[in-house]
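Asks: Got a structure for you, written out below as structure tokens; questions coming shortly.
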Amino acid sequence: MRVLVAGGSGVIGRRLVPLLRAVGHDVATLSRSDGVDALDPATVRRAVRDAAPDVVVNMLTAIPRELDPRKLASQFALTNRLRTEGTRNLLDAAGGARIISQGLAYGYQPAPGPASEDAPLWTVGTPKQFAPVLNALRELEDLTTGAGGLVLRIGHLYGPGTIYAADGSFARQVRAGKVPLVGGGHATFSFTHTDDAASAVVAALDRPEVTGVLNVVDDCPAELREWLPAYARLLGAPAPKRAPAALARLAVGGWGVAFMNRLRGADNARARMRLDWRPRYPSWSDGFAADLTGAGR
């Protein structure tokens with residue numbers, strides 16, 4: 001199968017492209033490193049025409065390596081454009097090619113328990129900094145599913161090249177003791193290893209009948225207060241301190257407090273069933289141990 005990976009030089013793309021080739025797909029990439037501006041319709045049309053893909057995998061992002069929760073909206077401005085304008089450009093150029101797009105699995109309206117794909121996205125009390133990010137994701141999903149495509153809602157991404165890697169920005173902050181448990185740390189995280197995100201795309205290519213949205217996350221949603229101390233121990237970092245939400249809001253803003261206390265986890269049952277997909281790392285604890293200590297490799 002001829003596959004065009006838009007964002008092939010990104011964190012997931014770097015794991016996905018060699019995997020696609022290893023299982024026999026003919027792969028082309030579209031990225032800035034290939035000299036392609038995804039926001040330029042004419043450039044995208046030429047790149048897609050030259051690739052002549054059967055499937056377009058849309059992994060377009062431009063997420064900074066260092067994130068400031070108080071500036072999330074501005075830091076994600078380019079990514080938001082890629083998810084909206086870039087997706088429209090890909091669809092306009094793709095003709096009859098199938099599209100698979102990368103979404104997010106942690107934009108659900110806060111509520112008890114892991115969210116299925118039928119649960120509503122965050123619409124009531126959405127933190128100001130997160131609202132434009134979520135609006136762009138909604139548009140990406142509408143564009144993709146409206147074209148008969150599939151959106152893979154990826155969880156909190158970890159693995160090589162991510163903020164959670166041993167050399168990532170989050171790891172550096174934890175080692176420096178700069179990531180406290182704010183307000184109890186009740187946010188529920190559903191993680192996705194980069195290799196599991198890549199394998200889900202490969203599984204989706206074999207099932208063209210699957211459309212809509214699917215949560216691609218591990219099997220073990222966990223509250224921040226559970227996984228952050230374990231992550232710190234694996235790094236050899238000091239245990240996270242505790243900080244009241246009211247005080248932390250001054251440092252990290254409303255989105256930072258919500259990120260640590262209000263996020264809802266996601267359920268992967270539908271992806272497991274419809275794609276016959278299984279995460280290599282069923283639990284964040286397995287994946288973090290493998291990445292940070294070499295266990296299980």
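Asks: In Å, what Rg and Dmax follow from the Cα atoms of region 204-264?
Replies: Rg then Dmax for region 204-264, in Å: 17.2, 50.
Asks: Something else about it: Mind checking region 192-295 for trypsin sites (Lys or Arg not before Pro) that DSSP puts in a loop (not H, G, I, E or B) and that have at most 14 other Cβ atoms within 10 Å?
Replies: Lys241, Arg280
Asks: Taking the dipole about the Cα centre of the chain, with the C-beta of Lys and Arg at +1 and of Asp and Glu at -1, give me whichever of Ala93, Phe130, Pro229 is farthest to the positive side.
Replies: Sorting the options by dipole projection puts first Pro229.
Asks: Sticking with this one: What are the residues whose amide H is under 5 Å from the amide H of Ser101, where those residues sit 5 or more places off or on another chain and H is modelled from the backbone?
Replies: Asn58, Leu150, Val151, Leu152
Asks: Right, next: Going by a ≥ b ≥ c, the root eigenvalues of the Cα gyration tensor, does region 1-87 fall in the rounded group (a/c under 1.5), the prolate group (a/b larger than b/c) or the oblate group?
Replies: Cα axes put region 1-87 in the oblate bin.
Asks: Explain nothing, just the number: relative contact order of the chain, from Cα pairs under 8 Å at least 6 residues apart, as a whole percent.
Replies: 20
Asks: Which percent of the Cα-Cα distances in region 143-229 go past 23 Å?
Replies: 36
Asks: Please pull out the direction-averaged projected area of region 1-52, using the convex hull of its alpha-carbon atoms, in nm² to one decimal place.
Replies: 3.4
Asks: Let me ask something additional. For the chain, what is the charge dipole size about the Cα centre, in debye to the nearest 20, if Lys and Arg each add +1 at the Cβ and Asp and Glu each add -1 at the Cβ?
Replies: Its charge dipole is roughly 840 debye.
Asks: With the dipole of the chain worked out from charges on the C-beta (+1 for Lys and Arg, -1 for Asp and Glu) around the Cα centre, which of Gly183, Ala147, Pro282 lies farthest toward the positive end?
Replies: With unit charges placed on the Cβ atoms, the residue in question is Gly183.
Asks: Over all directions, average the projected area of the Cα convex hull of region 60-149 and note it in nm².
Replies: The Cα convex hull of region 60-149, projected and averaged over all directions, gives 6.5 nm².
Asks: List the trypsin sites (Lys or Arg not before Pro) within region 102-168 that fall in a DSSP loop (any state other than H, G, I, E or B) and whose Cβ has at most 15 other Cβ atoms within 10 Å.
Replies: Sites meeting the loop and neighbour criteria: Lys128.
Asks: With a cap of 13 neighbouring Cβ atoms within 10 Å, and only residues DSSP puts in a loop, list the trypsin sites (Lys or Arg not before Pro) found in region 1-107.
Replies: Listed in order of number, the matching sites are Arg65.
Asks: Given (1) 20.5; (2) 19.4; (3) 21.7, which label gives Kirkwood radius over Cα pairs in Å as computed from the coordinates?
Replies: Computed from the coordinates, Kirkwood radius over Cα pairs in Å corresponds to (2).
Asks: Moving to a separate point now. Could you give me the percent of Cα pairs per 5 Å distance bin for region 83-229, shortest bin first, beginning at zero and ending with the bin that holds the maximum distance?
Replies: Each 5 Å bin holds this share of Cα pairs: 2, 9, 15, 19, 20, 16, 10, 5, 2, 1, 0.
Asks: Among Leu205, Val55, Gly113, which residue has its Cα positioned farthest towards the positive end of the charge dipole of the chain, with +1 placed on the Cβ of Lys and Arg, -1 on the Cβ of Asp and Glu, and the dipole taken about the Cα centre?
Replies: Toward the positive end, the furthest listed residue is Gly113.
Asks: Looking at the chain only, what percent of DSSP beta bridges run antiparallel? Nearest 5 please.
Replies: DSSP beta bridges in the chain are roughly 10 percent antiparallel.
Asks: Once you charge only the Cβ atoms, +1 for Lys and Arg and -1 for Asp and Glu, what is the size of the charge dipole of region 226-297 about its Cα centre, to the nearest 20 debye?
Replies: 160
Asks: Rounded to the nearest Å, what's the spacing between the alpha carbon centres of region 250-297 and region 172-205? Just the number, please.
Replies: 5
No lab work stands behind these numbers, since they all come straight from the coordinates. Note that the structure is predicted; figures quoted are calculated from it, not measured. Counting neighbours? That spans all protein chains shown, and the Cβs are built from the backbone with ideal geometry, glycine included.
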